[in-house]
Amino acid sequence: MSAVRVLRLAAGGDGVGRLEDGRTVFVPRTAPGDLVELAGLHLHKRFARARPARVIEPSPSRVTPRCPHYDRDECGGCQLQHLDSIAQREARRGFVGEALRRLARRELSDPPLVAAEREFEYRTKITLAASADGRRIGLHRYDRADEVFELERCHITVPELMEVWHALRTFRRLLPARLGSVTLRLDRQAGVHVLFRTSGGEAWSGATKLRGALAARGTAVTIWWQGEDGAPRAMAGAGEAYPATVFEQVHPTMGDRVRTHAIEALGPVAGRHVWDLYAGIGETTAVLAQAGALVESVESDQRAVAEAERRGPPARRHAARVEHVLGELRPPELVVTNPPRTGMDGRVVAALERLRPTRVVYVSCDPATLARDVSRMPGFRLAHVRAFDLFPQTAHVETVAVLDLAS
(Lines give C-alpha, C1' and ligand atoms only; values in the text may rest on other atoms or scores of the structure.)
Protein backbone atom coordinates (compact mmCIF):
# COMPACT_ATOMS: atom_id res chain seq x y z
CA MET A 1 0.00 0.00 0.00
CA SER A 2 1.14 3.56 -0.72
CA ALA A 3 1.64 6.18 1.95
CA VAL A 4 1.39 9.98 1.78
CA ARG A 5 2.21 12.93 3.99
CA VAL A 6 -0.83 15.12 4.62
CA LEU A 7 0.03 18.71 3.75
CA ARG A 8 -3.13 20.62 4.64
CA LEU A 9 -6.90 20.30 4.91
CA ALA A 10 -9.31 21.00 2.07
CA ALA A 11 -12.73 22.61 2.46
CA GLY A 12 -14.93 19.88 3.87
CA GLY A 13 -12.15 18.61 6.15
CA ASP A 14 -10.35 16.02 4.03
CA GLY A 15 -6.57 15.89 4.29
CA VAL A 16 -4.65 16.75 1.12
CA GLY A 17 -1.54 14.87 0.06
CA ARG A 18 0.42 14.18 -3.11
CA LEU A 19 0.80 10.78 -4.77
CA GLU A 20 4.07 9.73 -6.41
CA ASP A 21 2.56 10.38 -9.84
CA GLY A 22 1.84 13.99 -8.86
CA ARG A 23 -1.90 13.67 -8.39
CA THR A 24 -3.52 15.30 -5.40
CA VAL A 25 -5.15 12.80 -3.06
CA PHE A 26 -7.92 13.59 -0.59
CA VAL A 27 -7.99 11.53 2.61
CA PRO A 28 -10.67 12.08 5.29
CA ARG A 29 -10.01 11.91 9.02
CA THR A 30 -6.36 12.95 8.64
CA ALA A 31 -4.36 15.84 10.09
CA PRO A 32 -1.72 18.12 8.54
CA GLY A 33 1.60 16.42 9.21
CA ASP A 34 0.21 12.87 9.35
CA LEU A 35 2.01 10.17 7.39
CA VAL A 36 -0.78 7.77 6.46
CA GLU A 37 -1.03 4.46 4.70
CA LEU A 38 -3.80 4.57 2.10
CA ALA A 39 -6.61 2.13 1.43
CA GLY A 40 -9.40 2.07 -1.13
CA LEU A 41 -7.51 4.33 -3.54
CA HIS A 42 -9.75 5.65 -6.34
CA LEU A 43 -7.83 7.33 -9.14
CA HIS A 44 -9.35 10.08 -11.27
CA LYS A 45 -7.75 12.00 -14.11
CA ARG A 46 -6.29 14.80 -12.01
CA PHE A 47 -6.87 13.71 -8.41
CA ALA A 48 -7.52 10.69 -6.24
CA ARG A 49 -9.50 9.76 -3.13
CA ALA A 50 -8.58 7.25 -0.47
CA ARG A 51 -9.22 6.24 3.12
CA PRO A 52 -6.59 6.09 5.84
CA ALA A 53 -5.70 2.46 6.52
CA ARG A 54 -3.18 3.34 9.23
CA VAL A 55 -1.49 6.42 10.66
CA ILE A 56 2.22 5.68 10.41
CA GLU A 57 3.39 8.96 11.93
CA PRO A 58 0.74 11.05 13.70
CA SER A 59 0.66 14.83 13.46
CA PRO A 60 1.34 16.76 16.69
CA SER A 61 -2.14 18.27 16.30
CA ARG A 62 -3.89 14.88 16.32
CA VAL A 63 -5.99 14.05 19.42
CA THR A 64 -8.28 11.23 20.54
CA PRO A 65 -11.89 12.10 19.59
CA ARG A 66 -14.16 12.63 22.58
CA CYS A 67 -17.18 10.99 20.89
CA PRO A 68 -17.08 7.18 20.52
CA HIS A 69 -19.26 7.40 17.39
CA TYR A 70 -16.60 9.42 15.56
CA ASP A 71 -14.30 6.46 14.88
CA ARG A 72 -16.45 3.48 15.80
CA ASP A 73 -19.36 4.41 13.55
CA GLU A 74 -17.53 6.81 11.21
CA CYS A 75 -20.07 9.52 12.09
CA GLY A 76 -20.49 12.15 9.41
CA GLY A 77 -21.80 14.81 11.79
CA CYS A 78 -18.28 15.97 12.72
CA GLN A 79 -15.25 16.08 10.45
CA LEU A 80 -12.45 17.46 12.65
CA GLN A 81 -12.81 15.88 16.08
CA HIS A 82 -9.43 14.21 15.62
CA LEU A 83 -7.71 17.64 15.64
CA ASP A 84 -6.88 19.85 18.60
CA SER A 85 -8.62 23.21 18.95
CA ILE A 86 -5.79 25.28 17.50
CA ALA A 87 -5.49 23.12 14.40
CA GLN A 88 -9.24 23.17 13.87
CA ARG A 89 -9.39 26.95 14.00
CA GLU A 90 -6.44 27.33 11.68
CA ALA A 91 -8.11 24.96 9.23
CA ARG A 92 -11.36 26.92 9.23
CA ARG A 93 -9.52 30.20 8.73
CA GLY A 94 -7.79 28.55 5.79
CA PHE A 95 -11.06 27.39 4.23
CA VAL A 96 -12.25 30.99 4.05
CA GLY A 97 -8.97 32.51 2.89
CA GLU A 98 -8.35 29.85 0.25
CA ALA A 99 -11.85 30.20 -1.22
CA LEU A 100 -11.58 33.98 -1.51
CA ARG A 101 -8.10 33.79 -3.04
CA ARG A 102 -8.81 30.95 -5.46
CA LEU A 103 -12.44 31.54 -6.45
CA ALA A 104 -12.91 35.29 -5.92
CA ARG A 105 -9.39 36.25 -6.99
CA ARG A 106 -9.05 38.58 -4.00
CA GLU A 107 -5.62 38.89 -2.45
CA LEU A 108 -5.83 38.51 1.32
CA SER A 109 -4.44 36.52 4.20
CA ASP A 110 -6.51 33.98 6.09
CA PRO A 111 -8.94 36.07 8.14
CA PRO A 112 -9.00 36.22 11.95
CA LEU A 113 -11.41 33.84 13.59
CA VAL A 114 -13.56 34.49 16.66
CA ALA A 115 -13.35 31.34 18.77
CA ALA A 116 -16.37 29.74 20.43
CA GLU A 117 -16.50 29.60 24.20
CA ARG A 118 -17.88 26.04 24.07
CA GLU A 119 -16.43 23.43 21.74
CA PHE A 120 -18.85 20.67 22.76
CA GLU A 121 -22.51 20.61 23.83
CA TYR A 122 -23.40 23.78 21.93
CA ARG A 123 -25.92 22.68 19.26
CA THR A 124 -29.53 23.53 20.10
CA LYS A 125 -30.93 21.55 17.17
CA ILE A 126 -30.20 18.11 15.78
CA THR A 127 -31.96 16.11 13.06
CA LEU A 128 -31.71 12.32 13.20
CA ALA A 129 -32.46 10.05 10.28
CA ALA A 130 -34.30 6.73 10.41
CA SER A 131 -32.83 3.82 8.49
CA ALA A 132 -34.82 2.43 5.58
CA ASP A 133 -35.84 -0.64 7.61
CA GLY A 134 -36.82 1.52 10.60
CA ARG A 135 -34.52 -0.35 12.97
CA ARG A 136 -32.03 2.48 13.60
CA ILE A 137 -32.41 6.19 14.31
CA GLY A 138 -29.27 8.28 14.31
CA LEU A 139 -26.78 9.95 12.02
CA HIS A 140 -25.27 9.08 8.65
CA ARG A 141 -21.80 7.68 8.21
CA TYR A 142 -19.47 10.02 6.38
CA ASP A 143 -19.42 9.49 2.60
CA ARG A 144 -22.29 6.99 2.95
CA ALA A 145 -25.54 8.92 3.09
CA ASP A 146 -27.55 5.71 2.70
CA GLU A 147 -26.22 4.24 5.97
CA VAL A 148 -27.55 5.25 9.40
CA PHE A 149 -26.07 4.15 12.72
CA GLU A 150 -27.98 4.15 16.02
CA LEU A 151 -27.10 7.28 17.98
CA GLU A 152 -26.41 6.98 21.68
CA ARG A 153 -25.20 10.52 22.34
CA CYS A 154 -24.08 13.45 20.19
CA HIS A 155 -21.34 15.28 22.06
CA ILE A 156 -21.75 18.59 20.23
CA THR A 157 -25.48 18.80 21.08
CA VAL A 158 -26.73 20.41 24.30
CA PRO A 159 -27.41 17.94 27.17
CA GLU A 160 -31.09 18.95 27.38
CA LEU A 161 -31.74 17.48 23.94
CA MET A 162 -29.71 14.37 24.57
CA GLU A 163 -31.74 13.67 27.71
CA VAL A 164 -34.90 13.86 25.60
CA TRP A 165 -33.34 11.58 23.02
CA HIS A 166 -32.54 8.96 25.67
CA ALA A 167 -36.16 9.09 26.83
CA LEU A 168 -37.47 8.78 23.25
CA ARG A 169 -35.37 5.66 22.72
CA THR A 170 -37.10 4.11 25.72
CA PHE A 171 -40.52 4.76 24.15
CA ARG A 172 -39.64 3.83 20.58
CA ARG A 173 -42.80 1.73 20.28
CA LEU A 174 -44.80 4.96 20.57
CA LEU A 175 -43.06 6.74 17.69
CA PRO A 176 -44.95 7.14 14.40
CA ALA A 177 -44.72 4.49 11.70
CA ARG A 178 -42.80 5.08 8.47
CA LEU A 179 -40.54 7.52 10.25
CA GLY A 180 -38.16 9.51 8.07
CA SER A 181 -36.48 11.80 10.60
CA VAL A 182 -36.66 13.22 14.12
CA THR A 183 -35.64 16.81 14.86
CA LEU A 184 -34.91 17.87 18.44
CA ARG A 185 -34.78 21.58 19.18
CA LEU A 186 -34.20 23.76 22.24
CA ASP A 187 -35.73 27.23 21.91
CA ARG A 188 -34.56 30.49 23.48
CA GLN A 189 -36.96 30.05 26.39
CA ALA A 190 -35.52 26.58 27.17
CA GLY A 191 -38.54 24.81 25.69
CA VAL A 192 -37.86 21.47 24.01
CA HIS A 193 -39.52 20.54 20.71
CA VAL A 194 -39.61 17.20 18.90
CA LEU A 195 -40.62 17.11 15.23
CA PHE A 196 -41.36 13.77 13.56
CA ARG A 197 -41.40 13.60 9.75
CA THR A 198 -43.03 10.56 8.16
CA SER A 199 -43.71 9.19 4.69
CA GLY A 200 -47.05 7.93 3.49
CA GLY A 201 -50.47 9.51 3.75
CA GLU A 202 -51.75 8.13 7.04
CA ALA A 203 -52.13 10.55 9.96
CA TRP A 204 -50.39 9.98 13.29
CA SER A 205 -52.56 10.03 16.40
CA GLY A 206 -50.10 8.93 19.07
CA ALA A 207 -48.54 12.29 20.04
CA THR A 208 -50.58 12.80 23.21
CA LYS A 209 -49.74 9.33 24.49
CA LEU A 210 -46.03 9.82 23.76
CA ARG A 211 -45.98 13.23 25.43
CA GLY A 212 -47.69 11.78 28.49
CA ALA A 213 -45.16 8.95 28.73
CA LEU A 214 -42.30 11.43 28.52
CA ALA A 215 -43.93 13.71 31.10
CA ALA A 216 -44.21 10.78 33.51
CA ARG A 217 -40.43 10.55 33.36
CA GLY A 218 -40.09 14.27 34.04
CA THR A 219 -39.42 15.19 30.38
CA ALA A 220 -41.58 18.06 29.11
CA VAL A 221 -41.71 18.52 25.32
CA THR A 222 -43.85 19.95 22.57
CA ILE A 223 -44.48 17.38 19.86
CA TRP A 224 -44.83 18.19 16.17
CA TRP A 225 -45.61 15.99 13.19
CA GLN A 226 -45.13 16.54 9.47
CA GLY A 227 -46.58 14.03 7.05
CA GLU A 228 -45.48 13.55 3.49
CA ASP A 229 -46.02 16.80 1.51
CA GLY A 230 -47.76 18.36 4.52
CA ALA A 231 -47.07 21.33 6.77
CA PRO A 232 -45.69 20.79 10.30
CA ARG A 233 -48.45 20.55 12.90
CA ALA A 234 -48.29 20.95 16.66
CA MET A 235 -49.75 17.68 17.96
CA ALA A 236 -49.25 17.99 21.73
CA GLY A 237 -48.10 20.88 23.87
CA ALA A 238 -48.47 23.95 21.61
CA GLY A 239 -50.70 25.46 18.97
CA GLU A 240 -48.43 27.26 16.54
CA ALA A 241 -45.56 26.29 14.24
CA TYR A 242 -42.85 28.52 15.70
CA PRO A 243 -40.15 27.94 16.89
CA ALA A 244 -39.86 24.27 15.96
CA THR A 245 -39.90 24.70 12.19
CA VAL A 246 -38.38 28.15 11.57
CA PHE A 247 -34.67 28.59 10.90
CA GLU A 248 -32.46 29.83 13.73
CA GLN A 249 -28.77 29.39 14.34
CA VAL A 250 -27.96 26.09 16.06
CA HIS A 251 -25.29 27.87 18.15
CA PRO A 252 -27.26 30.86 19.48
CA THR A 253 -24.48 32.53 21.48
CA MET A 254 -22.13 32.63 18.52
CA GLY A 255 -24.97 33.50 16.18
CA ASP A 256 -25.63 36.59 18.28
CA ARG A 257 -21.97 37.56 18.03
CA VAL A 258 -22.08 37.23 14.25
CA ARG A 259 -25.20 39.41 14.05
CA THR A 260 -23.71 42.07 16.29
CA HIS A 261 -20.52 42.20 14.23
CA ALA A 262 -22.45 42.38 10.94
CA ILE A 263 -24.64 45.25 12.15
CA GLU A 264 -21.65 47.16 13.54
CA ALA A 265 -19.87 46.66 10.22
CA LEU A 266 -22.66 48.52 8.40
CA GLY A 267 -21.64 51.70 10.20
CA PRO A 268 -24.14 54.48 11.05
CA VAL A 269 -27.62 53.47 9.89
CA ALA A 270 -29.94 56.16 11.31
CA GLY A 271 -32.05 57.64 8.52
CA ARG A 272 -30.50 55.37 5.88
CA HIS A 273 -32.37 52.92 3.68
CA VAL A 274 -31.16 49.39 4.47
CA TRP A 275 -32.00 46.03 2.90
CA ASP A 276 -32.04 43.01 5.22
CA LEU A 277 -31.99 40.06 2.81
CA TYR A 278 -32.79 36.48 3.87
CA ALA A 279 -34.00 38.03 7.11
CA GLY A 280 -35.26 34.96 8.98
CA ILE A 281 -37.29 35.85 12.05
CA GLY A 282 -36.25 39.49 11.83
CA GLU A 283 -33.61 39.74 14.55
CA THR A 284 -31.30 41.88 12.40
CA THR A 285 -34.22 43.94 11.09
CA ALA A 286 -35.29 44.71 14.65
CA VAL A 287 -31.86 45.98 15.70
CA LEU A 288 -31.55 48.12 12.57
CA ALA A 289 -35.02 49.61 12.99
CA GLN A 290 -34.38 50.42 16.63
CA ALA A 291 -31.20 52.22 15.55
CA GLY A 292 -33.24 54.45 13.24
CA ALA A 293 -32.69 52.72 9.90
CA LEU A 294 -35.41 52.59 7.25
CA VAL A 295 -35.46 48.82 6.75
CA GLU A 296 -36.87 46.63 4.01
CA SER A 297 -36.54 42.95 4.83
CA VAL A 298 -37.07 39.93 2.61
CA GLU A 299 -37.63 36.35 3.80
CA SER A 300 -39.23 33.47 1.89
CA ASP A 301 -40.52 31.55 4.94
CA GLN A 302 -43.93 33.03 5.70
CA ARG A 303 -43.90 31.59 9.23
CA ALA A 304 -40.65 33.41 9.94
CA VAL A 305 -42.09 36.67 8.59
CA ALA A 306 -45.17 36.25 10.78
CA GLU A 307 -42.91 35.77 13.81
CA ALA A 308 -40.93 38.87 12.84
CA GLU A 309 -44.18 40.86 12.65
CA ARG A 310 -45.22 39.55 16.06
CA ARG A 311 -41.94 40.53 17.65
CA GLY A 312 -41.72 43.93 15.94
CA PRO A 313 -40.75 46.70 15.61
CA PRO A 314 -42.62 47.72 12.45
CA ALA A 315 -40.72 47.46 9.18
CA ARG A 316 -41.51 46.96 5.52
CA ARG A 317 -41.35 43.17 5.22
CA HIS A 318 -41.65 41.03 2.09
CA ALA A 319 -42.58 37.35 2.39
CA ALA A 320 -41.01 36.11 -0.84
CA ARG A 321 -37.82 34.95 -2.45
CA VAL A 322 -35.39 37.85 -2.74
CA GLU A 323 -34.98 37.51 -6.52
CA HIS A 324 -38.75 37.69 -6.99
CA VAL A 325 -39.27 41.08 -5.29
CA LEU A 326 -36.23 43.05 -6.41
CA GLY A 327 -38.47 45.32 -8.48
CA GLU A 328 -40.57 46.19 -5.42
CA LEU A 329 -37.66 47.33 -3.24
CA ARG A 330 -36.40 50.89 -3.03
CA PRO A 331 -32.71 51.22 -3.98
CA PRO A 332 -30.63 50.65 -0.84
CA GLU A 333 -27.86 52.70 0.69
CA LEU A 334 -26.68 49.75 2.80
CA VAL A 335 -27.30 46.00 2.57
CA VAL A 336 -26.93 43.12 4.99
CA THR A 337 -27.42 39.71 3.42
CA ASN A 338 -27.42 36.30 5.09
CA PRO A 339 -28.28 33.74 2.38
CA PRO A 340 -28.48 29.95 2.77
CA ARG A 341 -25.54 27.70 2.00
CA THR A 342 -26.25 27.98 -1.75
CA GLY A 343 -25.49 31.70 -1.65
CA MET A 344 -27.36 34.49 -3.39
CA ASP A 345 -29.29 34.02 -6.60
CA GLY A 346 -27.45 35.50 -9.57
CA ARG A 347 -30.23 38.04 -10.07
CA VAL A 348 -29.68 39.37 -6.55
CA VAL A 349 -25.94 39.74 -7.09
CA ALA A 350 -26.57 41.53 -10.40
CA ALA A 351 -29.02 43.90 -8.70
CA LEU A 352 -26.47 44.83 -6.03
CA GLU A 353 -23.84 45.46 -8.68
CA ARG A 354 -26.29 47.64 -10.63
CA LEU A 355 -27.76 49.58 -7.68
CA ARG A 356 -24.37 50.22 -6.07
CA PRO A 357 -25.15 50.57 -2.35
CA THR A 358 -22.34 52.12 -0.34
CA ARG A 359 -21.69 48.92 1.61
CA VAL A 360 -22.78 45.29 1.54
CA VAL A 361 -22.23 43.15 4.63
CA TYR A 362 -22.42 39.49 3.60
CA VAL A 363 -22.94 36.82 6.28
CA SER A 364 -22.05 33.42 4.83
CA CYS A 365 -22.09 29.82 6.04
CA ASP A 366 -20.18 28.54 2.99
CA PRO A 367 -16.85 30.05 1.87
CA ALA A 368 -17.21 28.71 -1.69
CA THR A 369 -20.54 30.38 -2.43
CA LEU A 370 -19.39 33.54 -0.66
CA ALA A 371 -16.33 33.63 -2.93
CA ARG A 372 -18.47 32.95 -6.02
CA ASP A 373 -20.79 35.85 -5.19
CA VAL A 374 -17.90 38.20 -4.40
CA SER A 375 -16.35 37.35 -7.78
CA ARG A 376 -19.59 38.51 -9.44
CA MET A 377 -19.37 41.94 -7.77
CA PRO A 378 -16.32 43.62 -9.35
CA GLY A 379 -17.72 47.04 -8.47
CA PHE A 380 -17.03 46.36 -4.79
CA ARG A 381 -13.76 45.96 -2.92
CA LEU A 382 -13.39 43.43 -0.14
CA ALA A 383 -12.73 45.71 2.82
CA HIS A 384 -12.88 43.31 5.75
CA VAL A 385 -13.36 39.60 6.47
CA ARG A 386 -13.83 37.86 9.80
CA ALA A 387 -14.58 34.18 10.49
CA PHE A 388 -16.62 32.88 13.41
CA ASP A 389 -16.39 29.45 15.01
CA LEU A 390 -20.09 28.56 15.03
CA PHE A 391 -19.50 24.85 14.46
CA PRO A 392 -16.54 23.46 16.48
CA GLN A 393 -15.53 19.87 15.64
CA THR A 394 -16.80 20.33 12.06
CA ALA A 395 -15.44 21.77 8.82
CA HIS A 396 -18.18 24.43 8.71
CA VAL A 397 -17.41 28.08 9.36
CA GLU A 398 -19.43 31.31 9.43
CA THR A 399 -17.95 34.38 7.73
CA VAL A 400 -18.77 38.08 7.69
CA ALA A 401 -17.41 39.88 4.62
CA VAL A 402 -17.64 43.66 4.18
CA LEU A 403 -17.85 44.87 0.59
CA ASP A 404 -17.43 48.60 -0.02
CA LEU A 405 -18.33 50.33 -3.24
CA ALA A 406 -15.16 50.83 -5.23
CA SER A 407 -14.27 54.45 -5.93
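Within the range 126-141, identify whether any single residue is touching a residue at least 60 places away in the same chain (Cβ under 8 Å), over 17 Å from Phe247 (Cα atoms) and among the charged types (D, E, K, R), and answer yes or no.
Within the range 126-141, one or more residues are touching a residue at least 60 places away in the same chain (Cβ under 8 Å), over 17 Å from Phe247 (Cα atoms) and among the charged types (D, E, K, R).
Take the residues in the range 131-176 that are within 28 Å of Phe26 (Cα to Cα) and aromatic (Phe, Trp, Tyr), then tell me which one is modelled with the lowest pLDDT.
This residue is Tyr142.
Filter the range 324-333 down to the residues that are surrounded by fewer than 16 Cβ atoms within 10 Å (Cβ to Cβ) and not in a loop (DSSP other than H, G, I, E, B) and list them by number.
His324, Gly327, Glu328
Scan the range 334-382 for residues that are surrounded by fewer than 15 Cβ atoms within 10 Å (Cβ to Cβ) and either of a type in the set (A, V, I, L, M, F, W, C) or under 17 Å from Val258 (Cβ atoms) (or both) and jot them down.
Of everything in the range 334-382, those that are surrounded by fewer than 15 Cβ atoms within 10 Å (Cβ to Cβ) and either of a type in the set (A, V, I, L, M, F, W, C) or under 17 Å from Val258 (Cβ atoms) (or both) turn out to be Pro340, Arg341.
Among the residues in the range 58-66, are any within 15 Å of Thr30 (Cα to Cα), at pLDDT 95 or above, out of contact with any strand residue (DSSP E or B) (no Cβ under 9 Å at 6 or more places or on another chain) and surrounded by fewer than 16 Cβ atoms within 10 Å (Cβ to Cβ)?
Looking through the range 58-66, at least one residue is within 15 Å of Thr30 (Cα to Cα), at pLDDT 95 or above, out of contact with any strand residue (DSSP E or B) (no Cβ under 9 Å at 6 or more places or on another chain) and surrounded by fewer than 16 Cβ atoms within 10 Å (Cβ to Cβ).
Any residue in the range 355-367 that is part of a helix (DSSP H, G or I), closer than 20 Å to Asp404 by Cα and within 19 Å of the chain's Cα centre (by Cα)?
Yes: the range 355-367 contains one or more residues that are part of a helix (DSSP H, G or I), closer than 20 Å to Asp404 by Cα and within 19 Å of the chain's Cα centre (by Cα).
For the range 343-394, give me the residue count where each residue is more than 21 Å from Val322 (Cβ to Cβ) and hydrophobic (A, V, I, L, M, F, W, C).
7
Just for the range 149-182: of the residues that are among the hydroxyl-bearing types (Ser, Thr, Tyr) and surrounded by fewer than 19 Cβ atoms within 10 Å (Cβ to Cβ), which one is nearest to Gly76 (Cα to Cα)?
Ser181
Only residues that are part of a strand (DSSP E or B), out of contact with any Asp or Glu (no Cβ under 7 Å at 6 or more places or on another chain) and crowded, with 17+ Cβ neighbours inside 10 Å: list them for the range 1-50, please.
Result: Val4, Leu9, Val16, Gly17, Val25, Val36, Leu38, Ala48, Arg49, Ala50.
Given the criterion of a type in the set (Gly, Ala, Ser), assigned by TED's automatic domain parsing to the domain that holds Gly255 and part of a loop (DSSP other than H, G, I, E, B), identify the matching residue among Ala351, Ala395.
When all the criteria are applied, what remains is Ala395.
Which of the strands (runs of 3 or more DSSP E) found entirely inside the range 251-322 contain at least 2 residues meeting this: under 22 Å from the mean Cα position of the chain (by Cα)?
273-277, 294-299
Please name all residue pairs, on different chains or six or more residues apart, with Cβ atoms under 6 Å, provided the first residue is in the range 307-331 and is more than 17 Å from Ile281 (Cβ to Cβ) and the second residue is of a type in the set (Gly, Ala, Ser) and assigned to a helix (DSSP H, G or I).
That search, which allows pairs on different chains as well, returns Leu326/Ala351.
In the same structural domain as Gly134 (by TED's automatic domain parsing), hydroxyl-bearing (Ser, Thr, Tyr) and more than 25 Å from the chain's Cα centre (by Cα): is that true of Thr198 in this structure?
For Thr198, the condition - in the same structural domain as Gly134 (by TED's automatic domain parsing), hydroxyl-bearing (Ser, Thr, Tyr) and more than 25 Å from the chain's Cα centre (by Cα) - is not met.
Conditions first: (1) aliphatic (A, V, I, L, M); (2) touching a strand residue (DSSP E or B) at 6+ places or on another chain (Cβ under 6 Å); (3) assigned to a loop (DSSP other than H, G, I, E, B). Met235 passes all but one, so which condition is the exception?
(3)
The values are calculated or read from the model by the stated rules, or taken from the named source; none is laboratory data. As the structure is a computational prediction, the values presented were derived from the model and not from experiment. Positions of Cβ are generated from backbone atoms using ideal geometry, with glycine treated the same way; all protein chains shown enter the neighbour counts.
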